[in-house]
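Beneath this line is the structure, given in structure tokens, with notes to follow.
The values are calculated or read from the model by the stated rules, or taken from the named source; none is laboratory data. What you see is a predicted model; the values in this text were computed from it and never measured. So basically every Cβ, Gly included, is an ideal-geometry build from the backbone, and we count neighbours across all protein chains shown. Ligands, DNA and RNA are stripped out before the accessible areas are found, and what is left, the full protein with its side chains, is counted by its heavy atoms. Shrake-Rupley method; radii C 1.70, N 1.55, O 1.52, S 1.80 Å.
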Amino acid sequence: MAPRLNRRVLLGGAVALASAGTAMAQDRRMTAYKTPWCGCCDGWVAHMRAAGWTVDVVERDDLAPIRARYGVPDRYAGCHTAVVGAYAVEGHVPASDVARLLRDRPQALALAAPGMPAGSPGMEAAGNEPYVTLLIDRRGQATVFGRHNGA
């Protein structure tokens, strides 16, 4: 005799899968704050979109208040600040690091690629040099999150 399947359990599993898919789609949306005159920020936004992210761009003349709102110390500043979920993403952080951040969900405020590292996404025309991305904790301290060789 074949086992009887509980229809509610099967439907509950389908709902759970649909919910997980919705959460994944929400995780792929971010808001990027940039200045109107920065072309390399546009390059970074294009990199994120090419990697499957939905990026809403908001232009501001001064990004210091945005960094302050999300707890990113000025010493880790880049030329744009994105917000994805509970995290800030400061500067030219690769899409793969942002995906890892959301997958691992560490106790932190932000990821940062301070300055404008040559060879990072959006900065490919500046050359090619190794750079790191930093994970910034709630005390404003940073640890290396990713190491990259540039473009």
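Below is a table of values for the structure above.
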| item | result |
| --- | --- |
| Accessible-area ranking of 147, 28, largest first, probe 1.4 Å | 147, 28 |
| The range 67-135: relative contact order in percent, alpha carbon pairs under 8 Å with at least 6 residues between | 30 |
| The range 87-151 - charge dipole about Cα centre, Lys and Arg +1 at Cβ, Asp and Glu -1, debye rounded to 20 | 280 |
| Contact order normalised by residue count of the range 17-151, Cα under 8 Å, 6+ apart, percent | 21 |
| Cα gyration tensor shape of the range 59-107, rounded if a/c is under 1.5, else prolate or oblate by comparing a/b with b/c | prolate |
| Whole-percent carbon and sulfur share, accessible surface of the range 35-143, 1.4 Å | 51 |
| Solvent-accessible ranking of 139, 100, 69, largest area first, probe 1.4 Å | 139, 69, 100 |
